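Input: a single structure, listed below in structure tokens.
The values are calculated or read from the model by the stated rules, or taken from the named source; none is laboratory data. Just so we're clear, the structure is a prediction, and the values are computed from it rather than from any experiment. We place every Cβ from the backbone using ideal geometry, glycine too, and count neighbours over all the protein chains shown. Please note that ligands, DNA and RNA were not included when accessible areas were found on the heavy atoms of the full protein model with its side chains. Shrake-Rupley method; radii C 1.70, N 1.55, O 1.52, S 1.80 Å.
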Amino acid sequence: MRLISTAHGEEKSFELRDGSMIAGRHPSCHITVPDPQVSKRHLQLHVDGGQVTIRDLESRNGTKVNGRPVKSHVLEDGDTISLGSHTLTFDATGAAQEQTVGAAGFDFSPAGEPEQTPYEQEDSTSAFAPDGPPPGEAQAEPLYDESEMSEDDTPADGQFIPQAYSPENLEPQIIARDGRMFLRNPRTNQEIEIVPRDQDQGPAGLGGYYDEQETTNRRKNLMLIGGAIAVGLLMIIALALTSGNDGSRPTGPARPFSHSGYNERLDQSIDLMKEGQFSQAMDLLEEAERAYPNRDIAGLLRRIGTTWRESDKSIDQFDWREVRAHIRQILESQWRTGTVEAFAADRRNWIEDTDHYDWLAEEAGRLLADDEPGEAFEKLAEIPSDNIVYHQTEELRGQVRAAAFQMHIDAGQNALQEQQWDRAVQEFDTAKNRYAVTPDETLKAQELIGLTRDEQGKAEAEAERHRTERAILNEANEHLRRGTLSSVRTALETVDRLPEDCLLHQQRDELRDRIRSRLDELEHEELVSTVRNYYRDGEGARAIELIDRENLEELSSLRRRISNIRELLEAASTAYDAKDYNRARTNWTEVTETEPDRTNAYRREAEQALRRLSSEASDIARHYEELGQQALAQEEYATARRHAQNAVSWDPDNQIGEKTLEQLSHHAQVLYRRARELRIQGERMGDRDDLSRAVELFKKVQQCVGEGDRHYDWAGRHLNELRAQGIPGA
């Protein structure tokens with residue numbers, strides 16, 4: 001389990017372990033969050049096994065989990081904790097990848113943030129500006145004030161008392177408080193005040209940083225400069241005293257042996273405990289624990305060894321469930337070695353297996369209570385004899401075996417009374433060979449088997465007959481499984497080979513019914529497929545005949561489609577023969593739109609006819625042009641215009657028929673002038689006959705040209721006006 005911070009695009013994580021810890025902006029907290037909006041002691045985390053509880057310590061700005069303010073909350077995997085502008089994510093399964101050590105714990109400050117020194121004028125909330133002005137935001141506080149912090153991290157109410165934190169490999173830290181400088185030992189929290197040798201000398205002050213008198217600023221600046229010089233000297237001395245021969249940083253108090261020696265003692269202790277030499281193993285573990293008290297592995301192994309030794313059992317006979325918690329803590333510890341991890345993982349597997357065997361024993365007991373001793377016996381058989389659960393269930397195993405023996409004896413006697421000889425022998429034989437352990441049980445089963453010997457011949461004959469019938473049924477089932485029409489018909493013939501008085505008559509009748517039902521389905525499917533094939537191949541008449549004869553109602557829509565397509569094809573052929581090419585093309589096109597299958601013979605026929613029309617387009621255009629000229633000669637202007645338009649539409653170049661259309665346009669002009677003259681003359685003379693003839697000519701104008709032509713529109717206006725005058729025909 002860990003907390004993850006992704007501030008400034010950089011991920012940092014802190015591993016959570018059992019115990020309690022404080023999070024806040026002060027460096028003495030276990031988890032440091034340097035944010036002015038975070039209180040010095042903001043919240044508390046308490047880890048108990050797999051459960052992590054957080055509690056807000058009456059912080060100024062409060063604590064939010066998943067965006068909701070909380071006072072106390074049990075974290076779940078993926079929960080986000082908001083402290084000021086910082087967000088920490090709880091990961092219940094991961095391990096910390098990187099941990100940044102601070103004064104008392106872990107610091108989630110961004111790695112790229114410059115380190116603050118007593119001489120930098122960066123932030124009014126800096127720990128090194130003791131006399132600086134208060135922050136600009138109302139909710140913000142100074143980053144930390146040493147005078148307000150207690151050395152005791154225990155909350156006021158005494159809940160969730162944190163464990164002492166003892167980090168290793170920490171350098172001395174410089175602390176600024178109330179205008180004075182201190183050198184802190186992070187292991188003991190002891191502080192030594194740094195006093196400059198000459199407070200009256202040094203460069204001029206930090207002008208403008210504090211709003212105080214110039215003399216006060218100069219005195220403080222001189223003190224800071226002198227303090228910095230002293231700090232530098234002290235750090236050089238500290239580094240010289242704490243550096244080793246190999247140039248590495250100090251690792252704390254002198255150890256009697258190295259980290260590798262610690263690991264070797266752990267590995268040796270495990271081998272010794274496996275051999276039963278617990279005293280030597282305990283000595284090694286005590287040495288390791290004294291040398292490295294902050295590493296929990298030695299203590300956990302020592303507690304395991306103590307419990308193991310008191311049990312006076314071998315490694316496989318000892319009940320490792322007693323130390324389950326210690327095994328889990330070892331596997332979660334970061335100080336485990338490969339040997340320790342392998343040992344703990346092996347024992348964890350033993351515990352899990354033993355839990356499973358306990359479950360099997362419980363299931364066996366339940367099955368026995370439910371009068372299912374056979375299944376209970378199978379459950380107990382899965383427990384290996386070298387496991388402690390095997391010996392713990394010895395009495396239950398005897399009860400289950402006896403109950404199973406009696407169950408098969410009773411079943412065999414019932415079968416014997418029903419003259420089911422093969423089943424009776426099977427039940428008695430199972431009771432004798434699998435469950436009988438005493439001579440009396442074996443003799444009882446053998447005597448019951450002997451009762452069937454007088455009927456042995458009959459039983460064997462019936463058994464042979466049964467096998468023969470079963471073989472025939474299996475053969476029929478195999479044919480049925482293949483699923484083809486011929487195989488299903490063969491299956492029906494095979495079943496019919498069984499006599500009416502066969503032993504398996506019930507199975508035979510059921511199988512026969514299934515075969516006949518499947519045969520009807522397949523024959524029906526074959527009829528449907530045949531109809532569709534007829535249609536696809538262009539034999540629509542045969543398809544319709546088969547649909548009608550077999551009354552295939554589900555193909556009624558297909559029958560209508562076939563009839564429609566055949567009628568369209570027939571009408572198209574008739575129109576083509578009559579040189580009604582437009583109608584022929586329309587009918588053939590409708591066939592292609594009605595039938596989407598391009599492999600269908602009817603569609604292919606229609607597509608072929610359309611291609612033929614396309615190749616004959618020029619001839620068809622000239623045919624329509626000829627008809628148009630004939631109609632024009634007979635002054636059938638509307639017919640002539642229709643034929644001329646057809647000629648243009650059929651001609652690939654849209655030219656054939658244009659001559660006729662031009663002639664019609666000329667006729668329209670001539671007729672329009674004549675009609676207009678007649679109207680003028682009729683209105684002047686009051687001759688309604690002239691007006692009637694003008695109406696006829698205006699109509700012929702509209703027959704010559706279509707809508708949109710100016711003469712058509714002019715003629716229309718004249719007709720409307722003549723109609724208003726009451727001229728007949730207008």
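Restricting to region 264-316, and then to whatever is in a helix (DSSP H, G or I) and of a type in the set (K, R), can you tell me which residue is most open to solvent (accessible area, probe 1.4 Å)?
Keep residues of region 264-316 that are in a helix (DSSP H, G or I), which gives 264-274, 278-291, 297-311.
Subset that is of a type in the set (K, R): 265, 274, 290, 302-303, 309.
Values: R265: 55, K274: 107, R290: 164, R302: 68, R303: 100, R309: 100 Å².
Selected residue: R290.
Does at least one position in region 64-81 carry a residue that is surrounded by 19 or more Cβ atoms within 10 Å (Cβ to Cβ) and among the polar types (S, T, N, Q)?
Checking region 64-81: not a single residue is surrounded by 19 or more Cβ atoms within 10 Å (Cβ to Cβ) and among the polar types (S, T, N, Q).
Tally the residues that are hydrophobic (A, V, I, L, M, F, W, C) and either crowded, with 19+ Cβ neighbours inside 10 Å or not in a helix (DSSP H, G or I) (or both), restricting the search to region 369-387.
Counting residues in region 369-387 that are hydrophobic (A, V, I, L, M, F, W, C) and either crowded, with 19+ Cβ neighbours inside 10 Å or not in a helix (DSSP H, G or I) (or both) gives 4.
Which of the residues that make up region 413-452 are touching an Asp or Glu at 6+ places or on another chain (Cβ under 9 Å) and charged (D, E, K, R)?
Passing the criteria: D422, E427, K432.
Kindly establish whether L697 is touching a Leu at 6+ places or on another chain (Cβ under 8 Å) and either in a helix (DSSP H, G or I) or not polar (S, T, N, Q) (or both).
yes
Failed condition for L527, given (1) of a type in the set (A, V, I, L, M); (2) over 30 Å from T594 (Cα atoms); (3) assigned to a helix (DSSP H, G or I), with all others met?
Answer for L527: the failing condition is (2).
Looking at region 323-342, which of the residues that are polar (S, T, N, Q) and outside any loop (DSSP other than H, G, I, E, B) is farthest from the chain's Cα centre (by Cα)?
Our first condition is that a residue be polar (S, T, N, Q); within region 323-342, this holds for 329, 333-334, 337, 339.
This time we only want the ones that are outside any loop (DSSP other than H, G, I, E, B), so: 329, 339.
On the way: Q329: 32, T339: 37 Å.
Once the filter is applied, the top-ranked residue is T339.
Which ones in region 427-484 are of a type in the set (S, T, Y) and part of a helix (DSSP H, G or I)?
Within region 427-484, T430, Y435, T442, T468 meet the criteria.
Give the residue, chosen from R674, R684, R679, that is over 60 Å from the mean Cα position of the chain (by Cα), of a type in the set (K, R), under 28 Å from H643 (Cα atoms) and assigned to a helix (DSSP H, G or I).
R674
If a residue has to be modelled with pLDDT of 85 or more, hydrophobic (A, V, I, L, M, F, W, C) and surrounded by fewer than 23 Cβ atoms within 10 Å (Cβ to Cβ) to count, how many in region 1-45 make the cut?
Count: 3.
Is it true that L416 is at pLDDT 90 or above, in a helix (DSSP H, G or I), open to solvent by less than 80 Å² (accessible area, probe 1.4 Å) and out of contact with any Phe, Trp or Tyr (no Cβ under 7 Å at 6 or more places or on another chain)? Quick ask: steps written out before the conclusion?
Numbers: at pLDDT 90 or above: no; in a helix (DSSP H, G or I): yes; open to solvent by less than 80 Å² (accessible area, probe 1.4 Å): yes; out of contact with any Phe, Trp or Tyr (no Cβ under 7 Å at 6 or more places or on another chain): yes.
When the stated conditions are applied, L416 does not pass them.
Kindly establish whether E394 is at pLDDT 85 or above, farther than 29 Å from R321 by Cβ and of a type outside the set (S, T, Y).
no
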